[in-house]
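Report on the structure given below.
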Amino acid sequence: MSTSPATFYERVDKAIGNPALQAAVRNATSRMSSGRDAAIAAFPEMDVMRDHARAIRAHTIARLDHYLREFEASVQRRGGHVHWAATSEEAVAIVVDIARQHGVKTVVKGKSMVSEEIELNPGLALAGVEVLETDLGEYIVQLDDDHPSHIVMPIIHKSRHDVARLFRAKLQATDDEVADAPRMAALARRVLRKGFLQADMGISGGNFGVAATGSVCITTNEGNGRMTTSLPRVHVALMGIERIVPTLDDLGVMLQVLGRSATGQKLTVYSNVMSGPRRHDRNGGREGESDGPEHFHVVLVDNGRSAIVGSELAEILYCIRCGACLNSCPVYQQIGGHAYGSIYPGPVGAVLMPALQGLHTWRDLPQASSLCGACREVCPVRIDIPRMLLELRDKTTELGLTPIWVTFGLTVFRQIATRPALFRRAQALASWATRRLATDGWIKSLPGHMARWSKKRDFPAFAPKTFQQLWEGRKR
Amino acid sequence: MTRVKLLVTCLIDTVYPQVGFSTVALLERLGVTVDVPPNQTCCGQPAFNSGSWDDARAMARHLIDVFGDDDVPVVVPSGSCGDMVIHQAPHLLKDDSQYGPRAAALAARTYELTQFIVDVLGVTDVGARSGDRLTYHPACHGLRGLGVARQPLALLERVEGPPRCPLPEAETCCGFGGLFAVKLSEVSGSLLDRKIANIEASGADTLVATDVSCLMHIAGGLHRKGSAVKVKHLAEVLAEGRSQ
Ligand code: SF4
């Protein structure tokens, strides 16, 4: 999905006008945030662990070439295949090719934001491959022809009733089958079970790739990831090239901060570490592994990432997609993920989308922040998102994409503010003007662009005399 | 005797001069002599936050010239202007061989007001008394930009008068964010609604903060809604002496 036809501002207005959506998003995000806070309060080592996690990510991204090559060699040593995709088109073509090679008709899929980013499902459908999403949230998204609105909880914009309605319409569910959440989950499970047993190929994401061992780690809470990657005869793991950690020890650190930051869990329920295809013993005897895929493919997706390495936005590649910055962001809490119009919403998305795809498409996202810093405070790898939003705003101006009334206004302001005598005169003028517009010290409606301020709040008349004027008087 | 230079901030200078005088009165009561460099204007934060970094640089240079290169501490009664001088200006000017080091030196001697009183002067009881039921909103830039969390609370705790009223979701942004409140007025407005609902739920009659920009935003929302809750800068509360 690229930008929807509506503009960012139209989508925001639509979200703000939808109290049910706002309530759903605020409930879910505040539940996740308090879960995170509690888990961290119960783990005094978290601060040190976060520093450690950040150091691992910084080290890896600074030597990404090296670790990617090591990862590739390790995967190959274990009998797996590594594919490099420079763009989303290439990535889709690679997966379609793998499917063709192995005569794949049906695919079960675990949750993967990269697959959303490269628009894999439409690509597979075009190639005649049937895809079944097996993460419950993603399954619901797929049934409803929707898009995820959160990177960890895809359907936080939907209520239980929305899902019940959907199941009735699409699965001909009975009232009893949609009576409560567990029964709805049970119904979905029955559908998914069949899918798992029939599928020729499983596609997963990859939370981390371990360079030293060639392992791919995925974390899920539903166990669907485990079935997706072990039942079908072919497993394809899709990963952004930045998802590498050097060693299994490093992986241990990342998992500890990931679970706590994402959902407030000490550890996500299922953490699967998969290293290569199923191994048979040489004589076909009992020494081999009892399960796992016959073929193991890793697709490493660049799609704009390598261009970020070494730039002032490189830090965003440290991200481990925990979603904590979304949950803590007051703007995300008010508008939800769809308003951003991007695969990755919220604070991380507001940096990542322009970093990956350019400001021409995503100039509005870095503006969608009051710079309150809540995201930086919760990020397990301490990414300074506000700093990068500011860098992006500067770039926006350099590219001539900032509205004229902002840039012109600020240039005039600068001319005045660097000339104290002129500044004093401008203050006097502003004081006179605001006091004329005001009744009892307050302005109800401001002119020009500032009218948007006074839609929601009054504006004060300025003081008749400035502090500096009064201070002069006091000294005399 | 301690001497400081006051960075008044353009908003206090233009809109809320009484906050400037409360700051001076408070500091003088603590035995501090306050100078006010006359040519100061704006620290450049509006331009910096809006991506007009060249304009922000020009204003930051002006500020550096005005405050000079001595070692007199600079005190600023605003977390966001403090963050601008302490963190952002040195970053903006890091490639400027002349102003870069001066920006860093100015940053090193600049303190947000409560930081200065609590951490430098070592005072938490400033001898204040307030008849108001106070609730405190920790404004974001001071809280997360400068890490000023405990200082305002310690000062407020020692103010005589009715017990403080805890503010629900205190650390959630009020939605101001400079031009954000204009560009994304609706989102900002819905955050403001949420802040105001929490303020009213706190049972306080006065909201206190350390940033007049957020106070201007919240006061504008309170006034629009016809609320009876007042707003005060912390300096105004602390300047109300017990003997008065
Ligand atoms: S930026 Fe940080 S908080 Fe946000 S998703 Fe990534 S790791 Fe989590």
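The values are calculated or read from the model by the stated rules, or taken from the named source; none is laboratory data. Fair warning: this is a prediction, and the values are worked out from it, not measured in the lab. Heads up, the Cβs are rebuilt from the backbone with ideal geometry, glycines too, and the neighbour counts pull from every protein chain shown. To get the accessible areas, we keep the full protein, side chains included, count just its heavy atoms, and leave off ligands, DNA and RNA. Shrake-Rupley method; radii C 1.70, N 1.55, O 1.52, S 1.80 Å.
Pull out all pairs, ordered by first then second residue, where Cβ-Cβ is under 7 Å, the residues are six or more apart or on different chains, the first lies in segment A:435-447 and is part of a loop (DSSP other than H, G, I, E, B), and the second is surrounded by fewer than 13 Cβ atoms within 10 Å (Cβ to Cβ) and among the β-branched types (Val, Ile, Thr).
Final answer for the pair search is none.
Looking at segment A:389-398, can you tell me whether even one residue there is over 23 Å from B:LEU191 (Cα atoms), in contact with a Lys or Arg (Cβ under 7 Å, 6 or more places away or on another chain) and at the interface with chain B (Cβ under 8 Å from one of its Cβ atoms)?
So the first thing to find is which residues in segment A:389-398 are over 23 Å from B:LEU191 (Cα atoms), and the list is A:391-392, A:394-398.
Going one step further and asking which of them are in contact with a Lys or Arg (Cβ under 7 Å, 6 or more places away or on another chain), we end up with A:396.
Now restrict to residues that are at the interface with chain B (Cβ under 8 Å from one of its Cβ atoms): A:396.
Scanning segment A:389-398, I find at least one residue that is over 23 Å from B:LEU191 (Cα atoms), in contact with a Lys or Arg (Cβ under 7 Å, 6 or more places away or on another chain) and at the interface with chain B (Cβ under 8 Å from one of its Cβ atoms), so the answer is yes.
Does B:PHE180 count as open to solvent by 30 Å² or more (accessible area, probe 1.4 Å) and facing chain A (nearest Cβ under 10 Å)?
On the way: open to solvent by 30 Å² or more (accessible area, probe 1.4 Å): no; facing chain A (nearest Cβ under 10 Å): yes.
No; evaluated as a whole, the condition is false for this residue.
Go through segment B:49-70 and give me each residue that's of a type in the set (A, V, I, L, M, F, W, C) and within 7 Å of another protein chain (Cβ to nearest Cβ). Even if it seems obvious, please write down each step before you answer.
Taking segment B:49-70 first, the residues of a type in the set (A, V, I, L, M, F, W, C) are B:53, B:56, B:58-60, B:63-64, B:66-67.
If the condition is that a residue be of a type in the set (A, V, I, L, M, F, W, C) and within 7 Å of another protein chain (Cβ to nearest Cβ), then B:TRP53, B:ALA58, B:MET59 are the ones that fit.
Taking the criterion of being out of contact with any Gly (no Cβ under 7 Å at 6 or more places or on another chain), polar (S, T, N, Q) and not in a loop (DSSP other than H, G, I, E, B), would at least one residue in segment A:63-74 satisfy it? Quick ask: steps written out before the conclusion?
Of segment A:63-74, the ones out of contact with any Gly (no Cβ under 7 Å at 6 or more places or on another chain) are A:63-70, A:72-73.
Among the residues that remain, those that are also polar (S, T, N, Q) are: none.
No, segment A:63-74 has no match at all.
Let me confirm something: among A:VAL96, A:VAL92, A:VAL114, which residue is in contact (Cβ under 8 Å) with a residue 24 or more places away in the chain, part of a helix (DSSP H, G or I) and under 14 Å from A:MET239 (Cβ atoms)?
Details: A:VAL96 fails: under 14 Å from A:MET239 (Cβ atoms); A:VAL92 fails: under 14 Å from A:MET239 (Cβ atoms).
Going through A:VAL96, A:VAL92, A:VAL114 in turn, the sole match is A:VAL114.
Do any helices (runs of 4 or more DSSP H) entirely within segment A:328-390 hold 2 or more residues that are within 14 Å of the ligand (Cβ to nearest atom), within 19 Å of B:GLY51 (Cα to Cα) and open to solvent by less than 10 Å² (accessible area, probe 1.4 Å), and if so, which?
Details: elements: A:330-335, A:346-357, A:359-362, A:374-378.
It comes to A:346-357.
Tell me whether segment B:59-76 contains one or more residues that are closer than 24 Å to A:MET388 by Cα, in contact with an Asp or Glu (Cβ under 7 Å, 6 or more places away or on another chain) and buried (at least 24 other Cβ atoms within 10 Å of the Cβ). If you could, list the steps in order and put the result at the bottom.
Residues of segment B:59-76 that are closer than 24 Å to A:MET388 by Cα, as a first pass: B:59-61.
Restricting the remaining residues to those that are in contact with an Asp or Glu (Cβ under 7 Å, 6 or more places away or on another chain) gives none.
So far as segment B:59-76 goes, no, none of its residues is closer than 24 Å to A:MET388 by Cα, in contact with an Asp or Glu (Cβ under 7 Å, 6 or more places away or on another chain) and buried (at least 24 other Cβ atoms within 10 Å of the Cβ).
Within segment A:419-443, how many residues turn out to be within 8 Å of chain B (Cβ to nearest Cβ) and open to solvent by 40 Å² or more (accessible area, probe 1.4 Å)?
Restricting attention to segment A:419-443, the residues satisfying the condition of being within 8 Å of chain B (Cβ to nearest Cβ) are A:420, A:423, A:427, A:430-431, A:442.
From what's left, open to solvent by 40 Å² or more (accessible area, probe 1.4 Å): A:442.
Final tally of qualifying residues: 1.
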